[in-house]
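First the structure, in the form of structure tokens, and then the observations on it.
Where a number appears in this text, it was derived from the coordinates with a stated rule and is not lab data. For clarity, every value in this text was computed on a predicted model and none was experimentally measured. Cβ sites come from the backbone with ideal geometry, for glycine too, and all protein chains shown count toward neighbours.
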Amino acid sequence: MKGLFLKPEKISVYFRQIKIEMVDIGYGSLGISVLISVFMGAVLTIQSVHNIVSPLVPIYAIAIVTRDAVILEFSPTVVCLVLAGKVGSSIASQLGTMRVTEQIDALEIMGINSSGYLVLPKIIAAILILPFLILITMFVGIGGGWLAGAVTGLINSHEFKRGLLTDFDTFNVQFALIKVVVFAFVITSVSSYHGFYTEGGALEVGQSSTKAVVWSSVLILFLDYVLTQLLLI
Amino acid sequence: MVQCVDFILGLCINPAIIDMKIEVKNISKSFAHKKVLDDVSVTFEKGKINLVIGGSGSGKTVFIKCMVGLYEVDEGQVVYDDRNFSDMNFKERKHIRQEIGMVFQGGALFDSLNVQQNIMFSLTMFSNMTKEEKLDRVNFCLKRVNLPNVNKLFPSELSGGMKKRVAIARAIAMNPKYLFCDEPNSGLDPKTSIVIDNLIDEITKEFDILTIINTHDMNTVVEMGENIVYLHQGKVWWEGSNHDIYDVDNKEFNDFIFASRIMKKLKK
């Protein structure tokens with residue numbers, strides 16, 4: 001951890017690395033995140049209609065449920081859990097392979113702070129780019145809910161729009177983005193740690209990758225609870 | 001008198017004239033209570049091909065990694081030209097590390113970078129050269145290892161011998177004072193092994209480098225071993241040159257060197 005914050009050898013190279021990592025982590029995860037969000041929003045809408053059967057509850061409440069569930073939990077937490085699998089395993093296996101093939105040793109021999117050069121850009125890139133990715137998934141998730149409602153005829157577009165605009169609290173978005181920043185740090189740092197300290201060969205690289213995903217997911221779930229308790233209650 | 005003044009001026013202008021040496025003083029290293037290196041003391045000097053030999057598990061790689069600081073020694077010191085490397089912090093070591101080139105067993109080329117970027121990497125990080133100057137240096141290094149026109153290839157597109165040559169080119173890119181090679185011809189066919197050996201020998205003499213090679217290749221030992229250190233069970237068992245290996249009265253050493261029929265015939 002200390003090595004991360006030593007003075008970089010050449011700041012321009014670090015900036016270039018951050019840009020590369022932002023493309024890799026953000027743009028590279030866009031497809032899967034959007035796909036998950038569309039179906040998540042659609043399923044949420046249909047299940048809400050299925051469960052809310054009381055005539056006392058207005059139909060536009062379905063949109064409120066979909067909106068708040070997507071913004072508060074599904075986009076920041078569920079998508080980040082998926083990213084822990086995709087990005088986390090990728091980082092751990094990349095660094096693990098570099099370790100067992102002595103590429104990290106080669107960096108050290110050159111006099112380069114290997115943890116700073118390899119890990120810090122990933123952490124900064126994830127913290128910068130994941131909030132934007134999650135904002136996109138929020139829109140897409142709610143869009144998926146609207147689409148499912150409209151296509152199946154369970155809730156028309158007018159009612160859905162009315163629900164979306166009812167009692168909207170912008171703090172929910174802020175809360176979600178705070179969670180994403182914390183989760184971005186958890187995914188990249190935990191995965192980097194497991195990858196960076198891999199010892200052995202191909203088998204151990206696979207084990208590091210698995211550990212990275214498991215520990216990132218556990219920490220995300222735990223911190224999700226802690227942050228919700230601290231910020232929402 | 002004139003010669004004396006020239007010599008003193010030469011020392012001031014070109015520090016390479018001063019005899020470079022690496023002194024390893026009583027180093028020990030253990031992993032999980034298993035002593036891999038036990039009170040090893042050796043001095044390596046410039047101008048000779050220094051070989052560290054020994055069987056698998058004898059501590060060769062740990063020894064070389066302790067010398068370059070990839071492993072911290074438990075006891076003892078590694079001294080580069082009167083600079084105590086073992087007692088330095090990361091920042092102080094950085095200066096010495098920029099004087100070190102290392103060829104790893106598997107090449108350790110960066111997979112995500114092509115050949116040109118691999119060789120250019122340290123130049124980009126530590127020099128203020130322009131892009132053209134860096135490119136010239138890359139092409140010079142590649143030409144020196146007899147690998148022209150491979151700039152845009154990635155490590156996955158190279159053969160084993162080519163990877164080793166690119167690794168050598170990367171190691172000499174920063175004009176190192178010390179070159180470490182960890183089993184540079186392992187996994188190569190005999191002909192390519194000789195090519196790599198000759199290349200390291202030529203580069204050592206041409207650029208006046210202090211070279212240390214970890215090997216258990218007997219051809220390298222017989223052909224190039226000007227200063228040989230034999231490690232056995234983490235200790236220095238024998239030191240000498242390739243001319244001395246036939247007259248050694250040491251069972252472990254003879255069992256290791258003359259294990260093959262060819263070497264036995266050579267001894268006779």
Positive-end extreme of charge dipole, the range A:10-232 - chosen from A:87, A:115, A:158 (charges on Cβ): A:158
Other-chain or far-sequence residues with amide H under 5 Å of residue B:236's (modelled H): B:41
C-alpha center-to-center spacing [the range B:19-63, the range A:7-63] in angstrom: 54 Å
Cross-link pairs beyond the 19 Å C-alpha cut-off, checked among B:34/B:235; B:35/B:94; A:10/B:131; B:46/B:164; A:7/B:131; B:21/B:205: B:35/B:94; B:46/B:164; A:7/B:131
For residue B:111, residues with placed amide H under 5 Å, excluding near neighbours: none
Pairs of Cα atoms farther than 33 Å apart, chain A, %: 27 percent
Per-residue average of Cβ from other chains inside 10 Å of A:98-106: 6
Distance (nanometres) between label positions extended 7 Å along Cα→Cβ at residue A:214 and residue B:45: 5.6 nm
Size of electric dipole in the range A:10-232: Cβ of Lys, Arg +1 and of Asp, Glu -1, about Cα centre, debye, nearest 20: 360 debye
Volume in Å³ per residue [convex hull over Cα atoms, computed for chain B]: 164 Å³
Distant-in-sequence amide H partners of residue B:179 (H built 1.01 Å from N, under 5 Å): B:101, B:210, B:211, B:212
Spatial extent of the range B:103-255: Rg and Dmax, with the Cα atoms as the point set, Å: 17.1, 57
From phi via Karplus (6.51, -1.76, 1.60), per-residue ³J(HN,Hα) for the range B:54-69 in Hz, x at Gly/Pro: x, x, 4, x, 7, x, 4, 5, 4, 4, 5, 6, 5, 5, 8, x
Pairwise label distance in nanometres, residue B:132 with residue A:7, each label 7 Å out on the Cα-Cβ vector: 3.2 nm
Estimated vicinal HN-Hα couplings, Hz - the range B:186-203 in sequence order (Karplus 6.51, -1.76, 1.60; Gly, Pro = x): 6, x, 10, 6, x, 5, 5, 4, 5, 4, 5, 4, 4, 4, 5, 4, 4, 5
For the range B:215-231 versus the range B:144-164, the gap between their alpha-carbon centres in whole angstrom: 26 Å
Derived scalar couplings ³J(HN,Hα) [the range A:61-69; Karplus, 6.51 cos²θ - 1.76 cosθ + 1.60; whole Hz; x for Gly, Pro]: 4, 4, 5, 4, 4, 4, 4, 5, 5
Net charge dipole size for the protein assembly as shown [Lys, Arg +1 and Asp, Glu -1 on Cβ; Debye, nearest 20]: 880 debye
By average C-beta atoms within 10 angstrom, highest first, the peptides B:116-122, B:250-256, B:92-98, A:164-170: B:116-122, B:92-98, B:250-256, A:164-170
Calculated P(r) of the protein assembly as shown - Cα pairs past 46 Å, %: 30 percent
Hypothetical label at residue B:268: residues of the range B:241-255 whose amide nitrogen lies under 19 Å (7 Å Cα-Cβ projection): B:246-248, B:254-255
Global form of the range A:91-130, assessed from the alpha-carbon gyration tensor, a/c cut-off 1.5: oblate
